[in-house]
Amino acid sequence: MGLKINMILVLENDEQYITLKEAMLHGKKYFLAMGLNQNKQVLPDKIVILEEHVSGFDTYVSKVIQSELLMDLTRIFKAQV
């Protein structure tokens, strides 16, 4: 099914994020997301880029940590403003 903009994600470690922007790069889908606290309030200092992984009907995400990929995706997201 896949992720969409403005979806709230809860990771296995109970961190919560809301997806703000979407981008495609090298055939993969990425999302710019901001952290949320328990009251669903945005945490402006908790910004991540997540890579979407779809397997059948299941959708997973992983945090992008590769510095070169982060720079490329940051440029793409900034251009969307």
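The numbers here are math on the coordinates, done by the rules we state, and not lab data. Computed from a predicted model, the values in this text were never measured in an experiment. All Cβ positions, glycine included, derive from the backbone under ideal geometry; neighbour counts span all protein chains shown.
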When the helix-only estimate is applied to the chain (DSSP H runs of n ≥ 4, each -39,500 (n - 2.57), divided by the residue count), what is the mean residue ellipticity at 222 nm, nearest 500 deg cm²/dmol? -5000 deg cm²/dmol
Rounded, prolate or oblate: which fits region 1-63 when a ≥ b ≥ c are the square roots of the eigenvalues of the alpha-carbon gyration tensor, with rounded for a/c under 1.5 and prolate only if a/b beats b/c? prolate
Net charge near M7 (other residues with Cβ under 13 Å of its Cβ; Lys, Arg +1; Asp, Glu -1) is +2
